[in-house]
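Visitor: Mind looking over this structure? Questions follow.
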Amino acid sequence: MLRLFLAALLAAGAAGIAHAQTRELSSGGELVDRVAAIVNDGVVLKSELDEQMQLIGTRLRQQGLELPPENVLRQQVLERLVTQEVQVQRANRAGLKVTDEMVNGALQDVARRNGIALSQLPQALAGQGIDYAEYRDNLRKEITLSMLRQRDVVARIMISPREIDQYLERQKNAPSESVSYNLSHILIAVPQAATPEQLAAAEQRAEDVHRRAVAGEDFAQLAVANSSSQTALEGGALGWRKGPELPTVLADAVVKLKAGEVSDIIRTPSGFHLVRVNEIRSSDGPAIVQQVHARHILIKTNELQDDATVEQRLTSARDRILAGEDFAGLASTLSEDPGSAAEGGDLGWSNPGTFVPEFEAQLASLKEGEISQPFHTQFGWHIVQLLGHREVDNSAEMKRQRAFTALRESKAEEETELWLRRLRDEAYVEFKM
C-alpha cells in the first residue's frame, strides 16, 4: 500500500521538484554532475534528470505500460523538471513559505493513509529506497507549488451569481451528480503567440495522435510520448470526475462518448486536446448528507510558547468551560482562528470532509455537548465542542455551493495549463544535453 501511495505522490511531482543545487568536484578532479538545463538563474542537474528517469520508468513498467524511446521520455521528464524549476523560482520570489507544522501535517496524512504511525514512516520509506530527509524536502516543495497555484490561478478565478444560475439551468439537461467518468487526456500544446506554422504543426501532430488513438493504440502510452499536460507522465490520467465536475473544455465531448471511446480533437487557447472515457458509473438515489455543528478554540505555537505550553492553556480553558464559563466568550478572546473567533468559535453546519482528518476524527468521537481534550493538527492546537448532528438532502444552498466548486475546478484545469505555458514561455531555458 505504501508503494502505491508513494508512486501516486511521485506522479504528482512531489519527488521530482527541480531545484538549483551545486555539486563540487571531488578531490581527484572527477566531474560528479552536469547541468541538464539552465532555467533563468537556476539549473536542472543531470543527476535530477537521471533520478526522475529511473523513478518514472519504474512506475510506468509497474503499470504495465511500454516505455517510449529513451530520448522521447527524457525530453518529457526534462520539460517537467524545467516547468517545476520555473514554479519554484516564482514561489521563492513571492516569499511563499511552508512551515514545519504544515509539512508534519502532510507527513501525518501520508502515514495515516498507509495505516502506519508517523514514527514508522522513515523506516517504511527506507524500505522503498527513499531517503526520509529528501522525501520531506520534496514534500515541502510540492506544498509550496500547490500554494503558488492557489495564489496565482485558483484565487483569481471569479464565479458570478449569474454564472451559477446558468450552470444550474444547464445541469437540468446535463449529466447529474450520480454519473461519474474515469478520464484520460492528451494535450498538444501551442505557444502563447504561436505562428501559423507552429499552429499547423501542432494540429497535424494532434491529428496523427488522434488517428492512432482511434485505431486502438494504447492511450496512456500515447500520452506519455506526446502530451504536454501535467498528467502526461501518468499516462494522461485525470481520474474519476462527476458530471458537473468535468473540465469545461472537455465536458461537451465527454457526455457524448461511451466507455472506451476517444473524442474528436478539441481546440482551446492552450492547444489541441483529446479525451478518452475509460469507464462510466452511476449511483442513483438521493444524496443525504450528515452534517455536524461544532465550535472550537485554536491556539498556535510561536517563539514564546511551545506545544506543551499551548496544550496546557487549552486544558485550562476546557476546565474553565466545564466549570461554567462561556465557551463563546473564551473563544472570542483566546482563539487564533480569524474565521471563527469573532463568532465565538462557531464553525456552523459543516459537511463531511470539510475539516482535516484529525479534526474530523475528534468530532466523530464526541457526544453532543461534549468538549474534546486538546489535540493537534497542521493548523495548531484545538479544543472542539460538538453541538449537534443533522441529516440534509440536496438543498438549494448546497446545490449552489457544488455549482460554485464545479465551475471553479473546471475553469482551473484550463487556467492552470495556460498559466504554466505562460511561465514556461517567459522563462529563459537553455538545454545543455
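The values are calculated or read from the model by the stated rules, or taken from the named source; none is laboratory data. Bear in mind the structure is a predicted one, so any value in this text is a computation, not a measurement. Every residue, glycine among them, receives a Cβ derived from its backbone with ideal geometry; neighbour counts consider all protein chains shown.
Visitor: Condition test on Gln401, is it under 30 Å from Asp319 (Cβ atoms) and either at pLDDT 85 or above or surrounded by fewer than 17 Cβ atoms within 10 Å (Cβ to Cβ) (or both)?
Guide: So Gln401 fails the test.
Visitor: Can you tell me which residue is surrounded by the fewest Cβ atoms within 10 Å (Cβ to Cβ) among those in the range 332-349 that are charged (D, E, K, R) and under 16 Å from Gln385 (Cβ atoms)?
Guide: Glu343
Visitor: May I pose another question? What number of residues within the range 319-336 satisfy the criterion of being without any contact (Cβ under 8 Å) to a residue 40 or more places away in the chain and either charged (D, E, K, R) or assigned to a helix (DSSP H, G or I) (or both)?
Guide: Residues that pass the stated criteria total 11.
Visitor: Of all helices (runs of 4 or more DSSP H) completely enclosed by the range 191-277, which ones contain at least 1 residues that are at negative phi and of a type in the set (Asp, Glu)?
Guide: 196-214, 248-254
Visitor: Let me ask another. Counting just the residues of the range 140-171 that are assigned by TED's automatic domain parsing to the domain that holds Val98 and among the hydroxyl-bearing types (Ser, Thr, Tyr), which one comes out surrounded by the most Cβ atoms within 10 Å (Cβ to Cβ)?
Guide: Looking at the filtered set, the residue picked out is Thr144.
Visitor: Now, a different point. Of the residues that make up the range 116-139, is at least one closer than 26 Å to Pro357 by Cα, touching a strand residue (DSSP E or B) at 6+ places or on another chain (Cβ under 8 Å) and not assigned by TED's automatic domain parsing to the domain that holds Pro244?
Guide: The answer is no, given that none of the residues of the range 116-139 is closer than 26 Å to Pro357 by Cα, touching a strand residue (DSSP E or B) at 6+ places or on another chain (Cβ under 8 Å) and not assigned by TED's automatic domain parsing to the domain that holds Pro244.
Visitor: Here is a follow-up. For Asn278, indicate whether it is under 22 Å from the mean Cα position of the chain (by Cα) and at pLDDT below 95.
Guide: So Asn278 passes the test.
Visitor: Considering each residue of the range 57-79, count those that are among the acidic types (Asp, Glu) and either on the phi > 0 side of the Ramachandran plot or crowded, with 17+ Cβ neighbours inside 10 Å (or both), and give that number.
Guide: Residues that pass the stated criteria total 1.
Visitor: Tally up the residues in the range 128-139 that are among the polar types (S, T, N, Q) and surrounded by 13 or more Cβ atoms within 10 Å (Cβ to Cβ), please.
Guide: 1
Visitor: Which of the residues spanning the range 353-391 are without any contact (Cβ under 8 Å) to a residue 12 or more places away in the chain and within 25 Å of the chain's Cα centre (by Cα)?
Guide: Gly353, Thr354, Phe355, Glu360, Ala361
Visitor: So which pairs qualify, if the first residue must be in the range 127-151 and closer than 15 Å to Leu96 by Cβ, the second must be of a type in the set (Phe, Trp, Tyr), the Cβ gap must be under 7 Å, and the two must be at least 6 apart or on different chains?
Guide: So the pair list comes out empty.
Visitor: Could you give every pair whose Cβ atoms fall below 9 Å, whose first residue belongs to the range 86-103 and is not assigned by TED's automatic domain parsing to the domain that holds Arg149, and whose second residue is surrounded by fewer than 17 Cβ atoms within 10 Å (Cβ to Cβ), counting only separations of at least 6 or pairs across chains?
Guide: Sorted first by the residue in the range 86-103, then by its partner, the list stays empty.
Visitor: Exactly one condition in (1) touching a helix residue (DSSP H, G or I) at 6+ places or on another chain (Cβ under 7 Å); (2) under 30 Å from Glu207 (Cβ atoms) is false for Ile280; which is it?
Guide: Among (1) touching a helix residue (DSSP H, G or I) at 6+ places or on another chain (Cβ under 7 Å); (2) under 30 Å from Glu207 (Cβ atoms), the lone unmet condition for Ile280 is (1).
Visitor: I've got another one for you. Please indicate, with yes or no, whether at least one residue in the range 409-428 is more than 30 Å from Ala37 (Cβ to Cβ) and surrounded by 18 or more Cβ atoms within 10 Å (Cβ to Cβ).
Guide: So far as the range 409-428 goes, yes, one or more of its residues are more than 30 Å from Ala37 (Cβ to Cβ) and surrounded by 18 or more Cβ atoms within 10 Å (Cβ to Cβ).
Visitor: Where residues in the range 350-380 are among the hydrophobic types (A, V, I, L, M, F, W, C) and farther than 26 Å from Ala323 by Cα, which of them is surrounded by the most Cβ atoms within 10 Å (Cβ to Cβ)?
Guide: Phe355
Visitor: What is the number of the single condition among (1) surrounded by fewer than 22 Cβ atoms within 10 Å (Cβ to Cβ); (2) of a type outside the set (Val, Ile, Thr); (3) modelled with pLDDT of 90 or more; (4) closer than 12 Å to Ser184 by Cβ that Leu257 does not meet?
Guide: (3)
Visitor: Related question: Is it the case that some residue within the range 419-427 is within 30 Å of Asp100 (Cα to Cα), modelled with pLDDT of 90 or more, among the basic types (Lys, Arg) and out of contact with any Phe, Trp or Tyr (no Cβ under 8 Å at 6 or more places or on another chain)?
Guide: yes
Visitor: Which one of these does Leu298 not meet: (1) at pLDDT below 95; (2) surrounded by 12 or more Cβ atoms within 10 Å (Cβ to Cβ)?
Guide: Unmet condition: (1).
Visitor: All but one of (1) over 27 Å from the mean Cα position of the chain (by Cα); (2) surrounded by fewer than 16 Cβ atoms within 10 Å (Cβ to Cβ) hold for Gln192, so report the exception by its number.
Guide: Going through the list (1) over 27 Å from the mean Cα position of the chain (by Cα); (2) surrounded by fewer than 16 Cβ atoms within 10 Å (Cβ to Cβ), Gln192 breaks only (1).
Visitor: On the basis of being out of contact with any helix residue (DSSP H, G or I) (no Cβ under 6 Å at 6 or more places or on another chain), surrounded by 22 or more Cβ atoms within 10 Å (Cβ to Cβ) and in contact (Cβ under 8 Å) with a residue 24 or more places away in the chain, does Leu250 make the cut?
Guide: yes
Visitor: Contact list please: Cβ distance under 8 Å, first residue in the range 228-246 and without any contact (Cβ under 8 Å) to a residue 40 or more places away in the chain, second residue surrounded by 20 or more Cβ atoms within 10 Å (Cβ to Cβ), pairs at least six apart or on different chains.
Guide: Pairs that qualify, where the first residue is without any contact (Cβ under 8 Å) to a residue 40 or more places away in the chain and the partner is surrounded by 20 or more Cβ atoms within 10 Å (Cβ to Cβ): there are none.
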